[in-house]
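Beneath this line is the structure, given in structure tokens, with notes to follow.
The values are calculated or read from the model by the stated rules, or taken from the named source; none is laboratory data. Only a predicted model underlies this, so the values are computations on that prediction, with no experimental measurement involved. Because the Cβ atoms are built from the backbone with ideal geometry, glycine has one as well, and the counts that use them run over all protein chains shown. Each accessible area value is taken on the protein alone, full model and side chains, heavy atoms only, with ligands, DNA and RNA left out. Shrake-Rupley method; radii C 1.70, N 1.55, O 1.52, S 1.80 Å.
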Amino acid sequence: MKIFDSTLIRLTFWYVGVLALILLFFTSITYFLINSVLDSKTDNTLSEIALAFEKTAQGEFSDEEDKNNPAGVTDAIREATVDVGFKNYKVFVFSAGKKLVSASDNSKLRDDISAEAAAGLLGKSGGNDNTKIEYFTRDDESFKVLLTRFQVHDETFDLLIVHPLEEQETLLEKIAYVFLITVPLALIFASFGGYYLAGKSFKPIAEMSEKAEAITARNLHERLPVENEYDELGRLANTFNRLLSRLDMSFEQQKRFMADASHELRTPVAIVRGEAEVSLTKDNRGTADYRETISIMQKEAERMSKVIEDLFTLSRADAGENPVSKQSVYLEDILSDTVKSFRSIASKRGISLQINIDDEMPIFADEQLLARLFSNLLDNAIKHTKSFVKISAKIENENCIVKISDDGNGIPAEEQNRVFDRFYRVDPSRSREKTQATGSGAGLGLAISKWIAESHEGTLELISSDTNGSIFGATIPMPK
């Protein structure tokens, strides 16, 4: 596995990379701000020294005796040069003819500059009445120089104030050195801290992964650990746990489905097999005996076919592969045809079928599926009723409401919420009605009917059931 295949490593690198960019930006801005502040401070100091020198020189040449002395101006400037002395700032004064008049004594200045060099700088500046602050280098040494022109007793002089930048550059080098040391150290500590924190954050995911790896079909009841259900990982774990709950329910339904299907098919298979064995073991059987055996085998085969057909219907419905071909039909026609097909069966048992339908009920539906839905409901009602079955249909709130009621013994209250479960029958012995008309008798009819109603955006429910009988209600929406 490559190192960057790990999300933990990638997250740590992203964290350190972003932090490095932030620190680089911050240190660069800080460095340039400090440099700018030092430059501004130096420029202000140079300007203040120039202003102080000019005022001092003019003050030294203020008395009348100096005004009558031709050398008084020069003496005043030299006095001002002595009076205005700043550490690391050297002052040069030149006459209009570029002749040195005075220079401060900065013999202790490490980066000293000669009068010739100062005159060269004055020559480069061109000389004007505007104050200029310039930057120059000499022998790998950096300086800042202020050049300005002033007057004393109608005489014009050029003032140069030179300041070496060694201390400023040394300070900036120290700051840069500190940044070069602290930033990598900060990134190293941040990488270890980020890796630790990311690992701690990913630890629940690792635990969930190990737990999920250990969950199989045999222990689907187990769930992933949830440390904090309110954070992102907790919500993720809860989502997986809900998924496991649905899978667990599906597996339980599948196991129950297989068990019930095996139970339903085992009896008819056993009957067919038994009849076949009896027919093969007995010699000299008559035609009537063979016809009886074959008739029994045929009925059981038909029952198995119905069970298998219902199973396929539900499995295709679960997979979303059972097509629903809707078209414009009339619900009252479907109900009338369904009731007609059951009259002979009801008549043989002495059961009356009563139908009450409102006006026309145009709907958009699958005619065959709706016919199967109502056939299942009628078949179920005829099996359990005593004397009559009522079918009513009406339009209410743009819905077609169909109710099928009987006067049977009803469904026990504790079992009413299970009537739409697959393979469910009220009678625990699972005995079959001999008058079964439709469906397989395996307890799949109501489950199929409920799916048909829902596939038409409708509903099927048990409205009521007691000792006076049961009422089932189907709601099919009308087209808008």
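Quick check on the stretch 44-53. Is at least one of its residues over 30 Å from F94 (Cα atoms) and not β-branched (V, I, T)? No; the residues of the stretch 44-53 include none that is over 30 Å from F94 (Cα atoms) and not β-branched (V, I, T). Being buried (at least 22 other Cβ atoms within 10 Å of the Cβ), among the aliphatic types (A, V, I, L, M) and either under 22 Å from L444 (Cβ atoms) or in contact with a Gly (Cβ under 9 Å, 6 or more places away or on another chain) (or both) is a description that does not apply to L331. The condition (being exposed (fewer than 14 other Cβ atoms within 10 Å of the Cβ), more than 30 Å from D39 (Cα to Cα) and touching a residue at least 40 places away in the same chain (Cβ under 8 Å)) is satisfied by just one residue among G194, G199: G199. Against the test of being of a type outside the set (G, A, S), touching a residue at least 60 places away in the same chain (Cβ under 8 Å) and open to solvent by 80 Å² or more (accessible area, probe 1.4 Å), the options R273, R218, R246, R256 yield a single qualifying residue, R256. Restricting attention to the stretch 446-469 and to residues that are closer than 14 Å to N417 by Cβ and polar (S, T, N, Q), the residue that is farthest from the chain's Cα centre (by Cα) turns out to be S465. Of all residues in the stretch 393-417, those that are under 14 Å from P477 (Cβ atoms) have Cβ atoms under 6 Å from Cβ atoms of residues that are in a strand (DSSP E or B) and open to solvent by 70 Å² or more (accessible area, probe 1.4 Å), 6 or more apart or on another chain, in I401/K394. Answer yes or no: is there a residue in the stretch 317-328 that is open to solvent by less than 60 Å² (accessible area, probe 1.4 Å) and part of a helix (DSSP H, G or I). Yes - at least one qualifying residue is present in the stretch 317-328.
For the structure I just gave you, tell me whether E173 is under 60 Å from the mean Cα position of the chain (by Cα) and open to solvent by 20 Å² or more (accessible area, probe 1.4 Å). Give the steps one after another, and end with the answer.
Working: under 60 Å from the mean Cα position of the chain (by Cα): yes; open to solvent by 20 Å² or more (accessible area, probe 1.4 Å): yes.
Here the answer is yes, as E173 does meet what is asked.
Under the condition of being open to solvent by 50 Å² or more (accessible area, probe 1.4 Å) and in contact with an Asp or Glu (Cβ under 6 Å, 6 or more places away or on another chain), which residue from the stretch 278-312 is nearest to A259 (Cα to Cα)? Ranking the qualifying residues of the stretch 278-312, first place goes to M297.
Within the set N380, N376, the sole residue that is in contact with a strand residue (DSSP E or B) (Cβ under 9 Å, 6 or more places away or on another chain), in a helix (DSSP H, G or I), under 20 Å from K450 (Cα atoms) and open to solvent by 10 Å² or more (accessible area, probe 1.4 Å) turns out to be N380.
The rows are residues; the columns are (1) within 27 Å of the chain's Cα centre (by Cα); (2) in a loop (DSSP other than H, G, I, E, B); (3) farther than 30 Å from G72 by Cα.
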{"position": "L159", "(1), (2), (3)": "no, no, no"}
{"position": "L180", "(1), (2), (3)": "no, no, yes"}
{"position": "V183", "(1), (2), (3)": "no, no, yes"}
{"position": "F189", "(1), (2), (3)": "no, no, yes"}
{"position": "L197", "(1), (2), (3)": "yes, no, yes"}
{"position": "K203", "(1), (2), (3)": "yes, no, yes"}
{"position": "E210", "(1), (2), (3)": "yes, no, yes"}
{"position": "R218", "(1), (2), (3)": "no, no, yes"}
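So, K434, is that one closer than 22 Å to R343 by Cα, modelled with pLDDT under 90 and open to solvent by 30 Å² or more (accessible area, probe 1.4 Å) or not? Steps first, answer last, please.
On the way: closer than 22 Å to R343 by Cα: yes; modelled with pLDDT under 90: yes; open to solvent by 30 Å² or more (accessible area, probe 1.4 Å): yes.
Here the answer is yes, as K434 does meet what is asked.
Looking across E461, E457, E414, one residue alone is part of a loop (DSSP other than H, G, I, E, B) and either open to solvent by 20 Å² or more (accessible area, probe 1.4 Å) or at pLDDT 90 or above (or both). It is E457.
For the stretch 101-158, enumerate the residues that are open to solvent by less than 30 Å² (accessible area, probe 1.4 Å), modelled with pLDDT of 75 or more and not hydrophobic (A, V, I, L, M, F, W, C). Passing the criteria: S102, S104, S142, K144, T148, D158.
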